[in-house]
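Take a look at the structure set out below.
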Amino acid sequence: MIRHANARPSITASRELGASIGGLITILNGEAWMREGACRQFEADTMYPETPTETAHAKAVCSHCPVQRECLDYALARDERYGIWGGMTIKGRLREIQRRLTVTT
């Protein structure tokens with residue numbers, strides 16, 4: 001795709017850039033578990049799917065990840081709104097928050 005010099009980046013591109021920069025800063029600041037993530041073998045946009053097929057692929061990556069629980073806990077603590085974290089979409093993460101609140105009360 002060819003972009004004009006003054007064209008705005010897409011929402012997806014902006015999210016990916018923000019996620020990539022945020023992830024890099026976090027890794028540099030000591031989130032050691034992130035270095036073990038199965039998703040590190042893929043392009044960043046793999047974990048920010050836009051179609052059901054891409055979502056299924058991202059979840060499959062997570063299903064074999066040794067740090068899936070840490071990833072999910074991190075996403076819940078940071079209120080991540082985009083992407084697949086710990087094998088869950090935002091809807092799944094919101095259900096998980098509700099489940100955890102119910103269990104603790």
Practice problem: Mind listing whichever residues of segment 47-93 are within 10 Å of the chain's Cα centre (by Cα) and aliphatic (A, V, I, L, M)? | Solution: M47, A58, L72, A75, I84, M88, I90
Quiz item: Name the residues in segment 58-72 that are in a helix (DSSP H, G or I) and surrounded by fewer than 16 Cβ atoms within 10 Å (Cβ to Cβ), would you?
Solution: A60, S63, R69
Quiz item: Can you pull out the residues in segment 65-99 that are charged (D, E, K, R) and touching a residue at least 24 places away in the same chain (Cβ under 8 Å)?
Solution: E70, E96
Quiz prompt | Those residues of segment 77-105 which are touching a helix residue (DSSP H, G or I) at 6+ places or on another chain (Cβ under 8 Å), closer than 21 Å to A60 by Cβ and of a type outside the set (F, W, Y), in sequence order | solution = E80, G83, I84, G86, G87, M88, T89, R93, E96
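We did not get these values from a lab; they are worked out from the coordinates using the rules stated. This structure is a prediction, so every number in the text was calculated from the model and none was measured. All Cβ positions, even for glycine, are placed from backbone atoms using ideal geometry, and neighbour counts span all protein chains on display.
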